[in-house]
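The values are calculated or read from the model by the stated rules, or taken from the named source; none is laboratory data. Just so it is clear, the model here is predicted, and its values are computed rather than measured. Cβ sites come from the backbone with ideal geometry, for glycine too, and all protein chains shown count toward neighbours. Accessible surface is based on the protein model in full, side chains and every heavy atom, while ligands, DNA and RNA are left aside. Shrake-Rupley method; radii C 1.70, N 1.55, O 1.52, S 1.80 Å.
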Amino acid sequence: MAFFTVQRNGRAATAEDLAPLAFAGYAHFTAMQVRGSRIRGLDLHLERLRYASEELFGRALPDDRIRTLLRTALAASPPDVSLTATVYSSPGEFTADSTELDVLVRTGPPASGPAGPLALTAVEYERPLPAVKHVGEVAKTYYMRRAVRDGFDDAAFVDRRGRFSEATIWNLAFWDGEAVLWPDAEMLTGTTMGIVRRQLARLGVPQRTREVALADLPALGGAVVMNSWTPGVAIRQIDAVPVPEAPRFLELLHQAYEAEPLIEP
């Protein structure tokens, strides 16, 4: 991906700024699609960064500081971009020292994700610190590549109890013909997931949280993956189990997402 801008703490990042990050894996981030220099679910992104900073570093930057850095990066970019904001501490990993927190903001071409429908393979894997969107997760890429090698598009994760949690870079959602089903397992709650959930509630669409296992798929009416790229890409099978098409389900997810206002940071 070609980047439009890469800034550290509001200034163009130098090689000296970036070098420590190339050899470190103790940081967290949030990713978003920006349209017209505005963002959906900004409050959810700020909440994510606050929570993860408290969890990893014991403190967080003020929301106003994050918003200023986002605005600065967007001012140097086209109006439609992909944006990632990464929070880290200069001393890096393998140390208990977390002095001032730094923020790296990068923007690149906008994205919308694959068209689908996708074939996933189920893999038993549980992310460490699942509620934090942290960096350095080699397993995500490893399992995605292994899935592609085996003829699938990507991988879905199940925990030690056989419950679906999430996919490599996606949240999962299921459909029973009337209600949206969210997996009951330890996972990262995605910002798009949060947007969709609150807008589905506003639209009066039933939602439930329940455990979903591979054996439950034949009784369900559809499944999707979602992330910052898109509120829903259809899944056509998981392992050898076919998943029915659910155009109404996809329509509801996209309708909910589009109902979320775009706001300036």
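For first residues located in the stretch 101-119 and under 17 Å from LEU49 (Cβ atoms), partners that are part of a strand (DSSP E or B) and aromatic (Phe, Trp, Tyr) and lie 6+ apart or on another chain with Cβ distances below 6 Å form the pairs ASP102/TYR88. Inside the stretch 52-90, residues that are out of contact with any His (no Cβ under 9 Å at 6 or more places or on another chain), of a type in the set (Ser, Thr, Tyr) and closer than 16 Å to ALA27 by Cβ make up a count of 3.
Name the residues in the stretch 222-265 that are of a type in the set (Asp, Glu) and loosely packed, with under 15 Cβ neighbours inside 10 Å, would you?
Looking only at the stretch 222-265, we keep the residues that are of a type in the set (Asp, Glu), and these are 239, 245, 251, 258, 260, 264.
Scanning the stretch 222-265 gives ASP239, GLU245, GLU251, GLU258, GLU264.
Of the residues ALA185, ALA173, ALA156, ALA179, the single one that is surrounded by 19 or more Cβ atoms within 10 Å (Cβ to Cβ) and within 22 Å of GLU258 (Cβ to Cβ) is ALA173.
Taken as a whole, the condition of being within 16 Å of the chain's Cα centre (by Cα), on the phi < 0 side of the Ramachandran plot and surrounded by fewer than 21 Cβ atoms within 10 Å (Cβ to Cβ) does not apply to THR168. As a summary of the residue check, SER53 satisfies the conditions (1) on the phi > 0 side of the Ramachandran plot; (2) polar (S, T, N, Q); (3) touching a Lys or Arg at 6+ places or on another chain (Cβ under 8 Å) except for the one numbered (1).
Put simply, of LEU129, LEU120 the only residue that is assigned to a loop (DSSP other than H, G, I, E, B), touching a helix residue (DSSP H, G or I) at 6+ places or on another chain (Cβ under 8 Å) and not β-branched (Val, Ile, Thr) is LEU129.
Taking the condition in contact with a Pro (Cβ under 9 Å, 6 or more places away or on another chain) and within 26 Å of TRP229 (Cα to Cα), does ARG40 pass? Steps first, answer last, please.
Details: in contact with a Pro (Cβ under 9 Å, 6 or more places away or on another chain): yes; within 26 Å of TRP229 (Cα to Cα): yes.
For ARG40, the condition - in contact with a Pro (Cβ under 9 Å, 6 or more places away or on another chain) and within 26 Å of TRP229 (Cα to Cα) - is met.
Per-residue answers, yes or no, for (1) over 25 Å from GLY232 (Cα atoms); (2) of a type in the set (D, E, K, R); (3) at pLDDT below 95:
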{"residue": "PHE4", "(1), (2), (3)": "yes, no, yes"}
{"residue": "TYR26", "(1), (2), (3)": "yes, no, yes"}
{"residue": "ARG35", "(1), (2), (3)": "no, yes, no"}
{"residue": "LEU61", "(1), (2), (3)": "yes, no, no"}
{"residue": "THR84", "(1), (2), (3)": "no, no, no"}
{"residue": "TYR88", "(1), (2), (3)": "yes, no, yes"}
{"residue": "PHE94", "(1), (2), (3)": "yes, no, yes"}
{"residue": "LEU104", "(1), (2), (3)": "yes, no, no"}
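Whether a residue is under 30 Å from ALA259 (Cβ atoms) and either of a type in the set (A, V, I, L, M, F, W, C) or surrounded by fewer than 20 Cβ atoms within 10 Å (Cβ to Cβ) (or both) was assessed, and ARG67 passes this test.
Being open to solvent by 50 Å² or more (accessible area, probe 1.4 Å), over 28 Å from ARG160 (Cβ atoms) and among the charged types (D, E, K, R) is the filter here, so list the residues in the stretch 96-125 that pass it. Within the stretch 96-125, ASP97, GLU100, ARG106 meet the criteria.
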